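K.L.:
The following block contains the structure, expressed as structure tokens.
The values are calculated or read from the model by the stated rules, or taken from the named source; none is laboratory data. Because the structure is a prediction, the values reported are computed rather than measured. Using ideal geometry, Cβ is built from the backbone for each residue, glycine included, and neighbour counts are taken over all protein chains shown. Please note that ligands, DNA and RNA were not included when accessible areas were found on the heavy atoms of the full protein model with its side chains. Shrake-Rupley method; radii C 1.70, N 1.55, O 1.52, S 1.80 Å.
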Amino acid sequence: MKKIIGLLMSVIFIVSMLHTPQVQANSNQKDINDIREYVEKNVPKLVKKLSKLQNKTTSLEEIQKVIDQYYKKNPSPDAMNDPSINLKDVFPEKAKEAQPGDKFVINEFISNQKQVDQDGRLLEFNIQNGKVNVFVGDTGEIVILQQKTEEENKELSKIQTSQITMAAASGPRITSIESTTGIGYSAAGGKMYTLQAEGQFSYTGSDVNVYYGDGYWQRHLWGSTLSISDRGMGKSKKYNTGGYTYAEVYSRLYVEAQYGFRWAGITMNSNTVEAYVGSTVTGNLYGGLTTR
């Protein structure tokens with residue numbers, strides 16, 4: 001079931017391009033200073049706005065509304081649209097490059113941030129049947145990760161008998177529908193794209209299978225310059241590792257950006273982004289967002 005959710009991964013973008021001639025670089029110095037001042041001023045202000053939602057049950061839509069309204073009232077300087085300005089010019093001490101083959105798991109990144117966050121830039125929100133984590137990077141990028149239980153169990157009679165182990169003494173059981181949604185914003189507050197995966201699983205205690213899977217992605221206005229290839233929405237996979245069996249549903253995109261993009265503080269030019277949900281043989285659900 002596809003859900004249009006006006007909202008990714010989940011992934012995060014900012015203008016980053018090589019220098020043009022030195023004369024132009026010098027003429028851009030004021031713009032570079034303006035961009036840095038804008039970002040450094042807006043990060044703590046946006047965090048303060050978002051933190052007001054933490055004392056109540058909220059929603060992904062309400063969180064995005066706060067972000068969108070904030071940047072509508074505090075628009076970025078025109079210089080942020082100038083492709084001749086390099087991210088390294090604005091934040092030379094923070095523009096860390098990704099290495100080929102690097103893998104970034106946003107769940108792990110968020111977990112690590114909880115241990116070291118000193119400025120309150122990682123916020124966790126309670127929503128109905130789930131949670132949302134929002135990370136506001138010190139260079140302005142925003143990562144949103146939502147994990148949510150969509151609905152109660154479906155009728156067992158709907159399962160195809162070929163998908164389950166009928167010989168299990170207790171019979172197969174069905175999980176709730178679990179979803180992972182990733183959303184990425186640029187440092188200018190522009191939403192780039194949304195990626196979602198959702199799935200439901202049958203399990204017996206000794207085996208697990210995908211019962212239902214779906215996925216969704218959407219390019220937003222600020223992602224119009226990206227080259228995005230759909231590599232599969234709501235696809236199923238099953239694997240064994242370390243003696244344990246897992247089943248997963250994933251949605252996958254390949255993204256290329258002419259000017260580079262930010263992912264949890266890392267600058268990259270291209271990558272594969274994946275949202276996923278999965279289950280163990282005992283029905284324990286998990287999900288996440290990753291890129292490589």
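K.L.:
May I ask you to compute the full-extension gain from Glu40 to Arg231, defined as 0.36 nm times their residue separation minus their alpha-carbon distance, rounded to one decimal in nm? Kindly include the intermediate steps, with their values, before the conclusion.
P.N.:
Values: separation 191, 0.36 × 191 = 68.76 nm, distance 3.61 nm.
Stretched fully, the Glu40-Arg231 segment lengthens by 65.2 nm.
K.L.:
Would you kindly state how much longer the chain becomes between Lys96 and Ser270 on full extension, computed as 0.36 nm times their sequence separation minus their alpha carbon distance, in nm to one decimal?
P.N.:
Details: separation 174, 0.36 × 174 = 62.64 nm, distance 1.48 nm.
This chain segment gains 61.2 nm when fully extended.
K.L.:
Ok, one more. Describe numerically, in nm with one decimal, the distance between label points set 7 Å from Cα along Cα→Cβ at Asp207 and at Glu62.
P.N.:
A separation of 4.4 nm, rounded to one decimal place.
K.L.:
Moving on. Could you tally the net charge around Asp31, taking each other residue with its Cβ under 11 Å from the Cβ of Asp31, Lys/Arg +1 and Asp/Glu -1?
P.N.:
Numbers: positive: Lys30, Arg36; negative: Asp34, Glu37, Asp78, Asp82, Asp89.
Cβ neighbours under 11 Å give a net charge of -3.
K.L.:
Pick out, in residue order, every one of the trypsin sites (Lys or Arg not before Pro) in segment 48-133 that is DSSP loop and has at most 11 other C-beta atoms within 10 Å; say none if there are none. Show your work: numbers first, answer last.
P.N.:
On the way: sites: Lys48, Lys49, Lys52, Lys56, Lys65, Lys72, Lys73, Lys88, Lys94, Lys96, Lys103, Lys114, Arg121, Lys131; in loops: Lys52, Lys56, Lys94, Lys103, Arg121.
For trypsin sites (Lys or Arg not before Pro) across segment 48-133 that sit outside H, G, I, E and B with at most 11 neighbouring Cβ atoms in 10 Å, the list reads Lys52, Lys56, Lys103.
K.L.:
Another question about this same structure. If I model a spin label as a point 7 Å beyond the Cα along the Cα-Cβ vector, how far apart are those points for Lys103 and Gln115 in nm?
P.N.:
Placing both labels 7 Å beyond Cα along the Cβ direction yields 1.9 nm.
K.L.:
How large, in percent, is the carbon and sulfur part of the accessible surface of segment 66-151 at a probe radius of 1.4 Å? Kindly include the intermediate steps, with their values, before the conclusion.
P.N.:
Working: 1800 of 4340 Å².
Percent of accessible area from carbon and sulfur atoms in segment 66-151: 41.
K.L.:
Using a 1.4 Å probe, how large is the accessible area of Leu253, given in Å² and rounded to the nearest 10?
P.N.:
0
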